[in-house]
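Peer 1: Pasting a structure here, questions to come.
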Amino acid sequence: MSTPVLPGLPDRQVEMRIGGLYWLACESPDTADRLCTQLLAGLPATARALLVNATGASRDLVKGIADDHGPGHLTLFDLPSMSTNRLIQALRHDVPRVRGGEGALWLVRVPHKGWDELVADSLALWCARAQDWLRSVGSTLLVVGDSPPPALLDILIRHNDNISGLAQVYIAQGARHLLVHFWSNEAGVNGPHDLLLLDEGRGFRVSPLPDDERSAPAANDQRQVLAQAQVLGGEAPPTAQWQLFDDPDALLERGMDTQAATLIFALSGTDEVNALATRLYQLRSHCGRALKLVVREMLPGLRQHEEQLLLASGANLIVPHGTPFLRFLTLMRGIQGQRWQRPLAAEPSTLLARLRPLEVRGSLSPRAFAAAVKKMVDNTVGTEVRHQLLRLQPLSTLSPVAVMQQLQLRRYGDVACLADGVPYLFLFACSPSLVEAALRNVLRLPWEDVIAGYESVLPSRVLPTLAFQSDDVALVDTRVLEPVDTPPDTEAFRPLQPKPVSLQSLESHP
């Protein structure tokens, strides 16, 4: 008897067979948790399931399941926080010892941080032994993890002999996708399949691409490249099919007569973003989805929400500043034949307003903090913009209030609060890789001299708690800072450099 991964999905693509080990890697912890809950809720009353949670409390994943839904027998296990190698060993040694695991669905929720080449051998050994054990007891096991490093997917694909299926949830061009790399069940082996995964609030639903996204006859201009001369950076045009323009409006006018050509615009500063978004929107609206629209960043400065504006206005690809010319050409080749899949924004200015942070910054009351964070997170749902909500851990020698006094939050959207004696910090449009660089930027002292560490937490888990119902503002420095133009992350987080000072220039004061 097969087990469906998600209700309503095609059996051939998503059912799991008895004795199989499957893997689902999600782009965020929230998506992973919700898919676990949805899978359990969709099991019939005749099913037997066991949930192992290495990311938190298992009860939190099942508390939203109605009494008349889900398996007839569900056993919950929690694993404490541990290193990746120890977690793999625990799964390898402890799971087979659990009684009552025969003829059941095992659902294992894990964090994917640290799952890289250093654990490849341990992971391969576990997969081999787990699949042998599953066959012997007639059970099925699905691992659900979040935020996978690129190396993990490569490792799992490499060891596909010991894995029955691998799927990945990711966000591209503002849409959430379910990519089934390979999947083996009673219907055979199939894949890859790339499906749209729609968020309906209470659960996810797979949707096929709209009719106009499917293959269409190729236009006769598909190999033509129209570009601003500036994007070449002094290099010669790669082929005779490139046509160059000095003025972006001239490129726009010529591009209006194309169907599937590649148009490349230069972006020399953030003050050009709105005008460029308008040009992209006009081209995409008039020429359709086969047109390839590329933006090459000539100077650093593009922020995440501005990048999202350009993508939602019609861009297929944004090439970052500093990309070598040959790499730029490789990226260009990669989008040939691609049809733009993202829903077109109703109007660029409306989208820009949604992607901008709220005009608030600094220390807030817990209630105001929770409301502001929820608003900014909700505004950017479905985009690649990532925020960080951090629970700060003060050094033993410092009080939480002293930590709050060290914060200097200049950017709109960066807010902090003291909730139930714990300092929280929200960083708008900050990727996980830039957290420590951001901490260096927002703390007056080196962050290691202020906090012992930090924990990235999900807004949906912590903001509804009682700790964020207070209207009390921490007694900290509340000086109002004038708004400043924030440079790009690579510039804003650049370490301070020593500056030589002549001794003759120093004056003594009594």
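Please treat every number below as a calculation from the coordinates, not as lab data. Not measured: the values here are computed from a predicted model. Neighbour counts run over all protein chains shown; Cβ positions are idealised from the backbone, glycine included.
Peer 1: For semi-axes √(5λ) of the Cα gyration tensor in Å, pick the label among (1) 57, 33, 22; (2) 40, 36, 21; (3) 42, 23, 22 that corresponds to the value derived from the coordinates.
Peer 2: Here the calculated entry is (2).
Peer 1: Pull out a ≥ b ≥ c, the square roots of the eigenvalues of the alpha-carbon gyration tensor of segment 55-135, then state rounded if a/c is under 1.5, prolate if not and a/b is larger than b/c, and oblate in the remaining case.
Peer 2: It comes out oblate by the Cα gyration axes.
Peer 1: Also, quick follow-up: In deg cm²/dmol, rounded to 500, what helix-only [θ] at 222 nm does the chain give when every DSSP H run of at least 4 residues adds -39500 (n - 2.57) and the total is split over its residues? Don't skip to the end; give the middle numbers.
Peer 2: Values: 16 runs with 146 residues, N = 510.
Value at 222 nm, helices only, nearest 500: -8000 deg cm²/dmol.
Peer 1: What's the FRET efficiency of D194 with N220 using the Cβ-Cβ distance as r and R₀ = 25 Å, to the nearest 0.05?
Peer 2: 0.35
Peer 1: Within the chain, how many Lys pairs that are eight or more residues apart, or on different chains, come under 29 Å at the alpha-carbon? Provide the component values of the computation, followed by the final result.
Peer 2: Details: K63/K113; K63/K374; K63/K375; K113/K374; K113/K375.
Pairs that pass both the separation and distance tests number 5.
Peer 1: Follow-up question, since we're still on this one. Positive end of the charge dipole of the chain (Lys, Arg +1 and Asp, Glu -1 on Cβ, about the Cα centre): tell me which of A370, A120, G233 has its Cα farthest that way.
Peer 2: Of the listed residues, the answer is A120.
Peer 1: For a quick check: sort D121, D194 by the number of other beta carbons within 10 angstrom, fewest at the front.
Peer 2: D121, D194
Peer 1: Here's another thing I want to ask about it. Ranking F369, F468, F182 by Cβ neighbours within 10 Å, fewest first, what do you get? Don't skip to the end; give the middle numbers.
Peer 2: Values: F369 25, F468 22, F182 17.
In increasing order of surrounding Cβ atoms, one gets F182, F468, F369.
Peer 1: What is the antiparallel percent of DSSP beta bridges lying wholly in the chain, to the nearest 5?
Peer 2: 45
Peer 1: Next up: Hey, quick one: spin label on L344, modelled 7 Å out along Cα-Cβ, who in segment 264-294 has an amide N within reach, i.e. under 12 Å?
Peer 2: Within reach of a label on L344, which here means backbone N under 12 Å from a point 7 Å along Cα→Cβ, segment 264-294 contributes 280-291.
Peer 1: Given Cα pairs under 8 Å that are at least 6 residues apart, what percent is the relative contact order of the chain?
Peer 2: Relative contact order of the chain: 11 percent.
Peer 1: DSSP loop trypsin sites (Lys or Arg not before Pro) in segment 353-423 with at most 15 other Cβ atoms within 10 Å of their Cβ, which ones?
Peer 2: R410
Peer 1: Percent relative contact order of segment 225-351, based on C-alpha pairs within less than 8 angstrom and at least six residues apart? Present the calculation step by step, with values, prior to reporting the outcome.
Peer 2: Numbers: 197 pairs, mean separation 30.2, N = 127.
RCO, segment 225-351: 24 percent.
Peer 1: Multiplying the sequence separation of E102 and E117 by 0.36 nm and subtracting their Cα-Cα distance, what value in nm do you get?
Peer 2: 2.2 nm is the gain from fully extending E102 to E117.
Peer 1: Spin-label point model (7 Å from Cα, Cβ direction): what's the S83 to L329 distance in nm?
Peer 2: 4.6
Peer 1: How far, in nm, would the chain grow between D472 and D94 when pulled straight, counting 0.36 nm per residue and subtracting the alpha carbon separation?
Peer 2: Full extension from D472 to D94 adds 131.4 nm.
Peer 1: Also, I was wondering about something else. Report the Cα centroid-to-centroid distance between segment 396-431 and segment 293-339 in angstrom, as an integer.
Peer 2: Centre-to-centre distance over Cα atoms comes out at 34 Å.
Peer 1: Please give the length that would be gained between R410 and E186 if that part of the chain were fully extended, namely 0.36 nm times their separation in residues minus their C-alpha to C-alpha distance (nm, one decimal).
Peer 2: 74.9 nm
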